[in-house]
1. What number of residues in segment 86-101 are in a strand (DSSP E or B) and hydroxyl-bearing (Ser, Thr, Tyr)?
2. Is it true that residue 114 is in contact (Cβ under 8 Å) with a residue 40 or more places away in the chain, part of a loop (DSSP other than H, G, I, E, B) and either open to solvent by less than 50 Å² (accessible area, probe 1.4 Å) or on the phi < 0 side of the Ramachandran plot (or both)?
3. Looking only at segment 24-60, which residues are open to solvent by less than 60 Å² (accessible area, probe 1.4 Å), of a type outside the set (A, V, I, L, M) and under 15 Å from residue 9 (Cβ atoms)?
4. Tally up the residues in segment 47-66 that are part of a loop (DSSP other than H, G, I, E, B) and either modelled with pLDDT under 95 or among the acidic types (Asp, Glu) (or both), please.
5. Restrict the check to segment 29-40 and report whether at least one residue is in contact with a helix residue (DSSP H, G or I) (Cβ under 7 Å, 6 or more places away or on another chain), at pLDDT 95 or above and in a strand (DSSP E or B).
6. List every residue pair whose Cβ atoms sit under 6 Å apart, with the two residues 6 or more apart in sequence or on different chains, where the first one lies in segment 73-85 and is charged (D, E, K, R) and the second, anywhere, is not in a loop (DSSP other than H, G, I, E, B).
7. Could you please give the count of residues in segment 67-110 that are under 17 Å from residue 40 (Cβ atoms), in contact with a strand residue (DSSP E or B) (Cβ under 7 Å, 6 or more places away or on another chain) and open to solvent by 60 Å² or more (accessible area, probe 1.4 Å)?
8. Tell me, please, whether a residue that is at pLDDT 95 or above, part of a strand (DSSP E or B) and either open to solvent by 100 Å² or more (accessible area, probe 1.4 Å) or not hydrophobic (A, V, I, L, M, F, W, C) (or both) can be found in segment 6-23.
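The values are calculated or read from the model by the stated rules, or taken from the named source; none is laboratory data. Bear in mind that the values here come from a model prediction, so they are computed numbers and not experimental data. Virtual Cβ from ideal backbone geometry, glycine too; neighbours counted across all protein chains shown. Quick note on the areas: whole protein, heavy atoms, side chains included, nothing else; ligands and nucleic acids left out. Shrake-Rupley method; radii C 1.70, N 1.55, O 1.52, S 1.80 Å.
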Amino acid sequence: MKKIDKKLLNEVSTQAKESPRLRMNYNFHQSLDDKCHRFLNAVEPGTVVPIHRHPTKDESFVNLRGKVRVTTHGDDGSIIEDVVLSQESGNYDVDIYKGVWHKLESLESGSVIFECKEGPFVENEVEGYLK
């Protein structure tokens, strides 16, 4: 059994701070071939997951700590929805449906979300990035 506790969140956040990308994953799934990918994504201010979409996979983000902005976008890049996930906002989770353009941005140091999406991981499965 793996558990999510303060110690694990701190360890992954420290790794994110030291990473050139300012983010770090901690996987709960055992293989990239697993049918369900569950992982922590520690994100620091300055990291942005650019606008992208997964043509065949839904994705969930559950806020565990800190403050993260998630936006959905039209084909022209315009913002459709803008949600801040945090304890203060009362927004804890978003589900992003397959084919929906979306972006994730860290707004606070030490932010960690739990992500879940269908596996297996396929290199270059992400469809384009809007400019």
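1. 1
2. In short, no.
3. If the condition is that a residue be open to solvent by less than 60 Å² (accessible area, probe 1.4 Å), of a type outside the set (A, V, I, L, M) and under 15 Å from residue 9 (Cβ atoms), then 28, 39, 41, 44 are the ones that fit.
4. 6
5. For segment 29-40, residues in contact with a helix residue (DSSP H, G or I) (Cβ under 7 Å, 6 or more places away or on another chain), at pLDDT 95 or above and in a strand (DSSP E or B): present.
6. 81/72; 82/71
7. Final tally of qualifying residues: 3.
8. The answer is yes; a qualifying residue exists.
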